[in-house]
Each structure stands twice: as structure tokens, then as C-alpha cells.
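Here is the structure we will look at, set down as C-alpha cells.
We did not get these values from a lab; they are worked out from the coordinates using the rules stated. Only a predicted model underlies this, so the values are computations on that prediction, with no experimental measurement involved. Using ideal geometry, Cβ is built from the backbone for each residue, glycine included, and neighbour counts are taken over all protein chains shown.
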Amino acid sequence: MFAESRPKSARLLEAEAKLKKLFADGAAGEAAVRAAVAEVERARSEVRLVHLLTHLKTRDLLTEAQRRVYHEARWGTR
């Protein structure tokens with residue numbers, strides 16, 4: 001997961017920095033902000049997707065008993 005998420009996380013940090021810089025430089029027009037926010041959200045969704053797909057892969061490796069423990073640890077008892 002880390003090998004896949006690190007470059008995606010770096011892109012997210014870069015996109016956030018570019019958005020912040022728009023405001024710091026006084027260049028934050030509507031079109032530029034919309035484009036920068038869209039880039040931040042694309043990058044954020046890629047990081048989140050890696051995380052969630054790792055949960056699915058992990059689940060597939062566990063026995064049924066391990067899945068119950070994992071589920072309770074992750075989501076609590078119901």
C-alpha cells in the first residue's frame with residue numbers, strides 16, 4: 001500500500017500547495033481556484049482509493065474468524 005500511496009500522497013500535497021500559493025500570490029481568481037480544487041480532489045480520491053482497495057485485498061486474505069476480528073476492530077461491534 002505504501003509503495004502505491006506515497007507518490008499519490010505527494011501529488012496531493014503538491015496540489016494543496018499550488019492551491020495555497022494561488023491565494024498567497026494574490027492570483028486566486030474563480031477559474032484558477034476551481035481548477036486547483038478539482039486537482040486537489042482528484043489527488044485526494046486517488047489516495048483514498050488506494051486505502052479502500054487495500055482493505056478489500058486484506059479482507060480476501062483473512063479467514064472468516066479473522067474477518068470478524070478485523071471488522072470489529074475497524075468498525076466496532078453492532
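About its Cα centre, the dipole of the range 1-60 is roughly 160 debye, where the only charges are +1 on Lys and Arg Cβ and -1 on Asp and Glu Cβ.
Of the residues VAL69, PHE23, VAL50, the one whose Cα sits farthest towards the positive end of the charge dipole of the chain is VAL69 (charges of +1 on Lys and Arg Cβ, -1 on Asp and Glu Cβ, taken about the Cα centre). Inter-label distance, ALA35 to ALA10: 2.4 nm, where each label sits 7 Å from its Cα along the C-beta direction. Taking every Cα-Cα distance in the chain and sorting them into 5 Å bins from zero, the calculated P(r) comes out as 3, 14, 17, 14, 12, 11, 10, 7, 6, 4, 2, 0 percent.
Within the chain, the selection of entire DSSP H helices by a Cα span of 15 Å or greater along the long axis and an average Kyte-Doolittle value of at least -0.5 returns 2-24, 30-61.
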